[in-house]
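A.B. asks: Here you go, one structure.
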Amino acid sequence: MIGELSTTVPDYSEILSKVAIAARQKTSDAEGGLLRNHRPAAKLVVSALLQAERAAKQQRLIYPLESLLGDWRLYFTAPRNAKLQNGVVQGNGFYIPQIVPAQISFHLRERLEIGNQIQFGSLLFKLTGPARYLGKKNLLAFDFTQMQLRLFNRTVYQGKFNSGKRSGNFEEQPIGKLPFFAFFLITEDYIVARGRGGGLAIWVKQVA
């Protein structure tokens, strides 16, 4: 199947790897010119994402939880209406501006935890909560229960967060009532998934 696709467009893994490489390039002109010239075009990335998703379904790929653990920077996203129609990409995506860094994290402590944060200048907004992973489906369900606001690296607020998804113990909640990510490609450098709302996203591994 991948061979058939590569006769008309570059292999999806090659495109997504280039996205991850571009995410790690450091340049003072990141949003102006130098970095943009090294990034695959948005429609090409959306096409690669859709191909990767289709390949994962056909090959029934399964990824262990351990491959998800760590911190990942959100780098590219596409809306739910993005699709391939007769081999042509419908809809578009966009690269996340570096001036508004967003990050997702998965860590195993007493239980699996998820963190999601975004930064606006010196203001950091972070949500955390429990998560559980359905390995056979590569599906990670979660619920944000705590919120933190930091300003100039100082915590100005920390407390409970009500996502509106809870009506009891998280572990007892059916997946259909929880937000989730359905991962369809996980590598050491990047992960890609479709959210419950239908959007697509690429996160790149954070390195020290």
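The values are calculated or read from the model by the stated rules, or taken from the named source; none is laboratory data. Keep in mind it's a predicted model, so treat the numbers as computed, not measured. Here Cβ is always computed from backbone atoms with ideal geometry, including for glycine, and neighbour counts include all displayed protein chains.
A.B. asks: Going through segment 43-76 one residue at a time, which ones are under 14 Å from Leu16 (Cβ atoms), in a strand (DSSP E or B) and in contact with a helix residue (DSSP H, G or I) (Cβ under 8 Å, 6 or more places away or on another chain)?
C.D. replies: Across segment 43-76, the qualifying residues are Tyr75, Phe76.
A.B. asks: When you go through (1) modelled with pLDDT of 90 or more; (2) surrounded by fewer than 18 Cβ atoms within 10 Å (Cβ to Cβ) one by one for Leu50, which number turns out not to apply?
C.D. replies: (2)
A.B. asks: With segment 130-196 as the region, which strands (runs of 3 or more DSSP E) entirely inside it contain at least 2 residues that are among the hydroxyl-bearing types (Ser, Thr, Tyr)?
C.D. replies: On the way: elements: 139-142, 146-151, 154-160, 180-186, 190-195.
In segment 130-196, 154-160 are the strands (runs of 3 or more DSSP E) which contain 2 or more residues that are among the hydroxyl-bearing types (Ser, Thr, Tyr).
A.B. asks: Still on this structure: How many residues are among the small types (Gly, Ala, Ser) and touching a Ser or Thr at 6+ places or on another chain (Cβ under 7 Å) when one looks only at segment 77-133? It would help to see each step written out before you state the result.
C.D. replies: So the first thing to find is which residues in segment 77-133 are among the small types (Gly, Ala, Ser), and the list is 78, 82, 87, 91, 93, 102, 105, 115, 121-122, 129, 131.
Then drop every residue that is not touching a Ser or Thr at 6+ places or on another chain (Cβ under 7 Å), which leaves 87, 93, 115, 129.
Here the count works out to 4.
A.B. asks: If a residue has to be closer than 29 Å to Gly135 by Cβ and assigned to a loop (DSSP other than H, G, I, E, B) to count, how many in segment 77-97 make the cut?
C.D. replies: Residues of segment 77-97 closer than 29 Å to Gly135 by Cβ: 77-80, 82-84, 93, 96.
Now drop any that are not assigned to a loop (DSSP other than H, G, I, E, B), which leaves 79-80, 82, 93, 96.
Here the count works out to 5.
A.B. asks: Go through (1) part of a strand (DSSP E or B); (2) among the hydrophobic types (A, V, I, L, M, F, W, C); (3) loosely packed, with under 13 Cβ neighbours inside 10 Å for Val100 and report which single condition fails.
C.D. replies: Here Val100 meets the rest and fails (1).
A.B. asks: Looking at segment 70-97, which of the residues that are aliphatic (A, V, I, L, M) and surrounded by 13 or more Cβ atoms within 10 Å (Cβ to Cβ) is modelled with the highest pLDDT? Give the derivation first.
C.D. replies: Keep residues of segment 70-97 that are aliphatic (A, V, I, L, M), which gives 74, 78, 82, 84, 88-89, 96.
Filter once more, keeping what is surrounded by 13 or more Cβ atoms within 10 Å (Cβ to Cβ): 74, 78, 82, 84, 89, 96.
Details: Leu74: 97, Ala78: 94, Ala82: 81, Leu84: 73, Val89: 79, Ile96: 94.
Among those that are aliphatic (A, V, I, L, M) and surrounded by 13 or more Cβ atoms within 10 Å (Cβ to Cβ), it is Leu74.
A.B. asks: Find the residue count for segment 159-181, including only residues that are surrounded by fewer than 16 Cβ atoms within 10 Å (Cβ to Cβ) and modelled with pLDDT of 95 or more.
C.D. replies: Adding up the residues that qualify gives 1.
A.B. asks: Test Leu140 against the stated conditions and say whether it is within 19 Å of the chain's Cα centre (by Cα), in contact (Cβ under 8 Å) with a residue 60 or more places away in the chain and under 20 Å from Leu108 (Cα atoms). Spell out how you get there, then give the answer.
C.D. replies: Numbers: within 19 Å of the chain's Cα centre (by Cα): yes; in contact (Cβ under 8 Å) with a residue 60 or more places away in the chain: yes; under 20 Å from Leu108 (Cα atoms): yes.
So Leu140 passes the test.
A.B. asks: To continue, here is another question. Just to be sure, is Phe152 touching a Ser or Thr at 6+ places or on another chain (Cβ under 6 Å) and not aliphatic (A, V, I, L, M)?
C.D. replies: When the stated conditions are applied, Phe152 passes them.
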